[in-house]
1. Mind listing whichever residues of segment 81-114 are aromatic (F, W, Y) and either surrounded by fewer than 14 Cβ atoms within 10 Å (Cβ to Cβ) or under 15 Å from G71 (Cβ atoms) (or both)?
2. Considering only segment 163-213, how many residues are surrounded by 21 or more Cβ atoms within 10 Å (Cβ to Cβ), over 23 Å from T47 (Cα atoms) and β-branched (V, I, T)?
3. Identify, please: which residue in segment 56-87 is part of a loop (DSSP other than H, G, I, E, B) and among the basic types (K, R) and is, among those, farthest from D173 (Cα to Cα)?
4. Among the candidates R129, R117, R142, single out the residue that is in a helix (DSSP H, G or I), modelled with pLDDT of 95 or more, open to solvent by 10 Å² or more (accessible area, probe 1.4 Å) and charged (D, E, K, R).
5. Would you pick out the residues in segment 21-55 that are within 17 Å of L233 (Cβ to Cβ), open to solvent by less than 100 Å² (accessible area, probe 1.4 Å) and in a helix (DSSP H, G or I)?
6. Would you mind stating whether L200 is modelled with pLDDT of 95 or more and under 12 Å from the mean Cα position of the chain (by Cα)?
7. Can you tell me which condition M159 does not meet? The list is (1) over 20 Å from N39 (Cβ atoms); (2) touching a Leu at 6+ places or on another chain (Cβ under 7 Å); (3) open to solvent by less than 10 Å² (accessible area, probe 1.4 Å), and all the others hold.
Amino acid sequence: AVERISIKFVDHLITANDLWHEKLVERSVARGRATSLMNYPDLEVFTPCGRTRDDDRFVMIYPGSLNWHQGLDIALRAFAMIKDQVPSSEFHIYGTGPALNDLIALARELGLESRVRFAGMLPLREIARVIENADLGVVPKRKNAFGNEAFSTKTLEFMAMGVPVLVSDTKIDTYYFDQSVVRFFRGESIEDLAKQMLELIKDRAAREQLRRAGLMFVQTNSWASKKQEYLDLIDALAIG
């Protein structure tokens, strides 16, 4: 009811992904009054400048908000299962949020203090450089009602920076991607996430294939390629 009342006050509705667009069209808004525009990466910020890291570590990274639905506890438990098989591997977490203290405690409980790095929020241009120096991006969202349908912009940011992505097989991610562009794991499965982590750490060719496919995908799915659609919509509304 709140949704329908709110929509009556607007000239046009912009939704953050196609799943939500279809859901809103089915129940609250005419199709002609709604447009789906995702949060695309800005390639003026997220463009590779060249890695500066030169060591033998394998760094996995998660940058973003630290909430329960993001599934970082699942990722830490998965990492704990494979860490001894790859002594050079590390997991770096950038961000803050309500789950931070629990994640720090879990890392300590799992004996990961020397292998997991918790860093705070960084400015956008700085985090872009940090991402570029990572070896694998991890997006371990839970498949609950919100996480299953909310698109994570960091997936496209990883791609834009030439970093292969390991992502939960949520409804929204399987809608936009397939296994040629990202590596899926069974959402909320610690065992499968650990398995896919280990396979990608060991398989340089698979990571390179994902890296190349991601770079190609993001060229047609970025703010640079989509902003004209938004500007045309605003112009049409202003004229109308």
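The values are calculated or read from the model by the stated rules, or taken from the named source; none is laboratory data. Quantities reported herein were computed from a predicted structural model and do not represent experimental measurements. Here the Cβ is made from the backbone with ideal geometry for all residues, glycine too, and neighbour counts use every protein chain on show. Accessible surface is based on the protein model in full, side chains and every heavy atom, while ligands, DNA and RNA are left aside. Shrake-Rupley method; radii C 1.70, N 1.55, O 1.52, S 1.80 Å.
1. F91
2. Qualifying residue count, segment 163-213: 2.
3. Step one: list which residues in segment 56-87 are part of a loop (DSSP other than H, G, I, E, B), which gives 56-57, 64-67, 71, 83-87.
Checking which are among the basic types (K, R) leaves us with 57, 83.
Values: R57: 29, K83: 27 Å.
Restricting to residues being part of a loop (DSSP other than H, G, I, E, B) and among the basic types (K, R), the top hit is R57.
4. Working: R117 fails: in a helix (DSSP H, G or I); R142 fails: in a helix (DSSP H, G or I).
Criteria check complete, one pass: R129.
5. H21, L24, V25, G32, R33
6. Numbers: modelled with pLDDT of 95 or more: yes; under 12 Å from the mean Cα position of the chain (by Cα): no.
The answer is no for L200.
7. (1)
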